[in-house]
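In what follows, a structure is listed as structure tokens, so that the remarks can point back to it.
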Amino acid sequence: MVAELGLIGKTWSALQPFVREKKCAGCECLQGALMELCLGLEDLAPGDERQQLLTAITGATAARDRHGCLGCEPCTPADTLAAYYRERQAQEVPSSCACKDG
């Protein structure tokens, strides 16, 4: 799955407040979302905007006090990641079926 650069940028913007929040910065929920964005960026062609996002997001994954989920309700980073997945899936073009019946 190749993510669109704009979607990754929008998702990164939504996650930035949590990167600055002490209790969230090292949380596995946020860190997992950031890693997914990095993986999406690595699938894209090189370019200045891609590199800037990759540098910023990679820097945010360097949290020192990593910890498991604190059970926050709602968990906005997890919800943001779920929205990112849904939007990526909606953007995918369905592949044609090789079978004869459809």
Problem - Test: residue 50 is among the basic types (Lys, Arg) and surrounded by 12 or more Cβ atoms within 10 Å (Cβ to Cβ) - result: yes
Completion exercise
Only one of (1) touching a Ser or Thr at 6+ places or on another chain (Cβ under 8 Å); (2) at pLDDT below 95; (3) of a type outside the set (Gly, Ala, Ser) does not apply to residue 20, and that is (1)
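Is it true that residue 55 is touching a helix residue (DSSP H, G or I) at 6+ places or on another chain (Cβ under 8 Å), under 21 Å from residue 26 (Cβ atoms), modelled with pLDDT of 90 or more and of a type in the set (S, T, N, Q)?
no
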Practice task
Would you tally the residues in the stretch 20-52 being in contact with a helix residue (DSSP H, G or I) (Cβ under 6 Å, 6 or more places away or on another chain) and basic (Lys, Arg)?
Solution key: 1
Exercise for the section: Select from the stretch 42-93 the residues that are without any contact (Cβ under 8 Å) to a residue 40 or more places away in the chain, within 19 Å of residue 22 (Cβ to Cβ) and of a type in the set (D, E, K, R) and list them in ascending order. Expected result: 64, 73
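Kindly indicate whether any position in the stretch 38-56 is aliphatic (A, V, I, L, M) and closer than 14 Å to residue 83 by Cβ.
No, every residue in the stretch 38-56 fails to be aliphatic (A, V, I, L, M) and closer than 14 Å to residue 83 by Cβ.
The values are calculated or read from the model by the stated rules, or taken from the named source; none is laboratory data. None of these values were measured; they are calculated from a predicted model. Quick reminder, even Gly has a Cβ in these numbers, built from the backbone with ideal geometry, and neighbours come from all protein chains shown.
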